[in-house]
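Below is one structure, written out as structure tokens, with a few remarks after it.
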Amino acid sequence: SSPFGFDFVIVGATGDLTMRKLLPAFYERFRGDQIDGTTKIIGTARSPLSSEEYRTKAAEALKAFVAAETYDASKAEAFLRLLHYVPLDMTEQNADWSALSSLLKTEKGRPRVFYLATAPKLYVPTADAIAHNSLITDTTRIVLEKPIGTDLASATAINDGVGQHFRENQIFRIDHYLGKQTVQNILALRFANPIIERIWNADSIAHVQITASETVGVGQRGSYYDTAGALRDMVQNHLLQVLSFVAMEPPTAIAPTVLRDEKLKILRALRPMTDDMIRTDTVRAQYAAGEVDGTTVGSYLDDLEDGESTTETYLAIRAEIRTARWAGVPFYIRTGKRLAQKETTVIVQFRPQPWAIFPDKPEPGRLVIRIQPNEGISLSLSSKDPSTEQFCLREASLDVSYEKAFNTRYPDSYEDLLMAAVRGDQVSFIRRDEVEASWHWVEPILNGWAANIRPLETYPAGSRGPKSADDLLARNDFVWKELT
Ligand code: BG6
């Protein structure tokens, strides 16, 4: 597409997300000729910086966070000229907003985006102040980072408050997992390949495992993370979105309304978790000290400033989707920090052969979707072992590595999502009712855990998590499949 111009206001422009993700993403798209020279990327925050000082900070961020293969000093220089900075507390509607408003172009049809990279409790006051200062045009959009609230009530309050000033089609709730090429590819895999979609149901599939394991601990983010935990941080948004891509019925088009309608149906079809299910079908745990990649690391409590907490850094949940397609097929979700490896995968385990004609019992096949790293898919098949005379079976895989197949750079998820917000394309953003349906399912688990219905366990840093997560699957004769 040819380059075009827009005004993009980043609220919280000195923060980590802006420096690590947003500016590098815009740089890539500028380098790819999608952004023209009239574009203004306007940072705001409370620090009293000049635009020149902000550009210096941004220049360092680009050097640090843009991949070496795509960093080009003269391109970076040209890109930095698009940046401006206005010191302004955007929750203060009566502050002096003139410096900001005079930077914004008023020509009809020009996209204007406010990107809120701040704490969720500031979303409503910021939206109020933007409206009070009359900065909302027909082509103005607001982007909200996750988390949208901490429970259903606070999410509803944010949605109501922002909805006072912006129509739903102007509100872009970002979930960076939806910007991942491999997550988007789940739709292509299922709906562009009839051989896959024909077996994508309870007749052929025994269960599904969705894993997002990380080696990092909470690092400097303890004060946020300790109020969130793995359920709010990863499941309410990212992993339920992945689950709905895996489980949804085919939408009639890849278009915002119909696609999000289908995701919503899945979120609403999740079987509500009763106290009994929370006791037997969930596991929650926190990392203890241990060793990650050969380095000794402290416990979660060591990482917190005030070392008391029952926040989970790991969880495993057995979920059920009450639809005709998925009756009797458990969906297992697990995620955690300080685990043995960084790996996000969806594993679809097929049902075994009903009647064995071989001396060995064949392994029922499975499809592995590698969301990251080593992006790709593999299908494991039982094959005759050529080194034996009898019909001995061994597993072998059909494997596609996307990097090899497409021989192209993997864009960061923010690149796609930022440009989609500018264009006004909502297909990869979360609609209000999806956020609320997710909270609706998650909230009883939060409450059950707060009431200690399922006690908190610990696991050593660098391990595969607590053993109870294995027991959760063993009950149905299943096992978690690790890739490495
Ligand atoms: C973020 C969470 O939304 O996603 C982090 O707040 C987590 O805690 C991150 O580390 C994981 O993202 P990715 O893209 O590395 O899987």
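Being open to solvent by less than 10 Å² (accessible area, probe 1.4 Å), without any contact (Cβ under 8 Å) to a residue 40 or more places away in the chain and within 21 Å of the chain's Cα centre (by Cα): is that true of Y123 here?
Values: open to solvent by less than 10 Å² (accessible area, probe 1.4 Å): yes; without any contact (Cβ under 8 Å) to a residue 40 or more places away in the chain: yes; within 21 Å of the chain's Cα centre (by Cα): yes.
Yes: the conditions hold for Y123.
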| request: Residues being charged (D, E, K, R) and surrounded by 13 or more Cβ atoms within 10 Å (Cβ to Cβ): count how many of those fall in the stretch 64-80. | output: 2
| request: Select from the stretch 41-52 the residues that are open to solvent by 50 Å² or more (accessible area, probe 1.4 Å) and over 24 Å from G5 (Cα atoms) and write down the one among them that is nearest to the chain's Cα centre (by Cα). | output: R46
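Would the stretch 268-275 turn up any residue that is in a strand (DSSP E or B), open to solvent by less than 10 Å² (accessible area, probe 1.4 Å) and more than 16 Å from the ligand (Cβ to nearest atom)?
Filtering the stretch 268-275 for residues in a strand (DSSP E or B) gives 270.
Still in the list and also open to solvent by less than 10 Å² (accessible area, probe 1.4 Å): 270.
With the extra rule that they be more than 16 Å from the ligand (Cβ to nearest atom), the set shrinks to 270.
There is at least one residue in the stretch 268-275 that is in a strand (DSSP E or B), open to solvent by less than 10 Å² (accessible area, probe 1.4 Å) and more than 16 Å from the ligand (Cβ to nearest atom).
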| remark: Turns out the strands (runs of 3 or more DSSP E) fully within the stretch 357-401 with at least 1 residues that are in contact with a helix residue (DSSP H, G or I) (Cβ under 9 Å, 6 or more places away or on another chain) and more than 16 Å from the ligand (Cβ to nearest atom) are 366-372, 376-384
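Suppose we filter the stretch 393-409 for residues that are touching a residue at least 40 places away in the same chain (Cβ under 8 Å) and open to solvent by 80 Å² or more (accessible area, probe 1.4 Å); how many remain? Explain how you work it out, then say what you get.
So the first thing to find is which residues in the stretch 393-409 are touching a residue at least 40 places away in the same chain (Cβ under 8 Å), and the list is 402, 409.
Remaining after also requiring open to solvent by 80 Å² or more (accessible area, probe 1.4 Å): 409.
Number satisfying all stated conditions: 1.
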| query | Between a first residue in the stretch 187-198 that is over 15 Å from I371 (Cβ atoms) and a second residue that is part of a loop (DSSP other than H, G, I, E, B) and open to solvent by less than 60 Å² (accessible area, probe 1.4 Å), which pairs have beta carbons less than 9 Å apart while being 6 or more apart in sequence or on different chains? | reply | F191/P251; R198/S204
| query | Out of I148, I142, which single residue is under 20 Å from A421 (Cα atoms), in contact (Cβ under 8 Å) with a residue 12 or more places away in the chain and more than 16 Å from the ligand (Cβ to nearest atom)? | reply | I142
| Among the numbered criteria (1) at pLDDT 90 or above; (2) touching a strand residue (DSSP E or B) at 6+ places or on another chain (Cβ under 8 Å); (3) not in a strand (DSSP E or B), which single criterion is violated by Y332? | (3)
| note | Result of the Cβ filter at 7 Å on the stretch 301-317, keeping first residues that are under 23 Å from T282 (Cα atoms) and partners that are loosely packed, with under 13 Cβ neighbours inside 10 Å, at least 6 apart or interchain, is L301/G307
| message | Please determine whether any residue of the stretch 64-74 is touching a helix residue (DSSP H, G or I) at 6+ places or on another chain (Cβ under 6 Å), among the hydrophobic types (A, V, I, L, M, F, W, C) and farther than 26 Å from R46 by Cβ. | response | yes
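Taking D412, is it in contact with a helix residue (DSSP H, G or I) (Cβ under 7 Å, 6 or more places away or on another chain), within 16 Å of the ligand (Cβ to nearest atom) and closer than 30 Å to G222 by Cα?
Values: in contact with a helix residue (DSSP H, G or I) (Cβ under 7 Å, 6 or more places away or on another chain): yes; within 16 Å of the ligand (Cβ to nearest atom): yes; closer than 30 Å to G222 by Cα: yes.
Criteria met by D412.
Got a sec? Which of R279, R284 is of a type outside the set (S, T, Y) and closer than 17 Å to Q236 by Cβ?
Values: R279 fails: closer than 17 Å to Q236 by Cβ.
Result: R284 is the single residue among R279, R284 that is of a type outside the set (S, T, Y) and closer than 17 Å to Q236 by Cβ.
So, in the stretch 42-78, how many residues would count as being polar (S, T, N, Q) and within 16 Å of A25 (Cα to Cα)? Lay out the reasoning, then the answer.
Going through the stretch 42-78, the residues polar (S, T, N, Q) turn out to be 44, 47, 50-51, 56, 70, 74.
From the residues that got through so far, the ones that are within 16 Å of A25 (Cα to Cα) too are 70.
Counting residues in the stretch 42-78 that are polar (S, T, N, Q) and within 16 Å of A25 (Cα to Cα) gives 1.
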| query | With respect to R232, is the statement that it is within 14 Å of the ligand (Cβ to nearest atom), outside any loop (DSSP other than H, G, I, E, B) and free of Cβ contacts under 8 Å to residues at least 12 places away in the same chain true? | reply | no
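Collect the residues in the stretch 185-222 that are among the charged types (D, E, K, R), within 11 Å of the ligand (Cβ to nearest atom) and open to solvent by 60 Å² or more (accessible area, probe 1.4 Å), keeping them in residue-number order. Reasoning before the result, please.
Taking the stretch 185-222 first, the residues among the charged types (D, E, K, R) are 190, 197-198, 203, 214, 221.
Filter once more, keeping what is within 11 Å of the ligand (Cβ to nearest atom): 214, 221.
Result: R221, single match.
Consider E107 carefully, then state whether it is charged (D, E, K, R), within 15 Å of the ligand (Cβ to nearest atom) and open to solvent by 10 Å² or more (accessible area, probe 1.4 Å).
Numbers: charged (D, E, K, R): yes; within 15 Å of the ligand (Cβ to nearest atom): no; open to solvent by 10 Å² or more (accessible area, probe 1.4 Å): yes.
Considered against the rule, which asks whether it is charged (D, E, K, R), within 15 Å of the ligand (Cβ to nearest atom) and open to solvent by 10 Å² or more (accessible area, probe 1.4 Å), E107 comes out as no.
The values are calculated or read from the model by the stated rules, or taken from the named source; none is laboratory data. Source: prediction; values computed, not measured. Glycine gets a Cβ as well: all are built from the backbone with ideal geometry, and neighbour counts include every protein chain shown. Note: accessible area is taken over every heavy atom of the protein model, side chains too, but ligands, DNA and RNA are not part of it. Shrake-Rupley method; radii C 1.70, N 1.55, O 1.52, S 1.80 Å.
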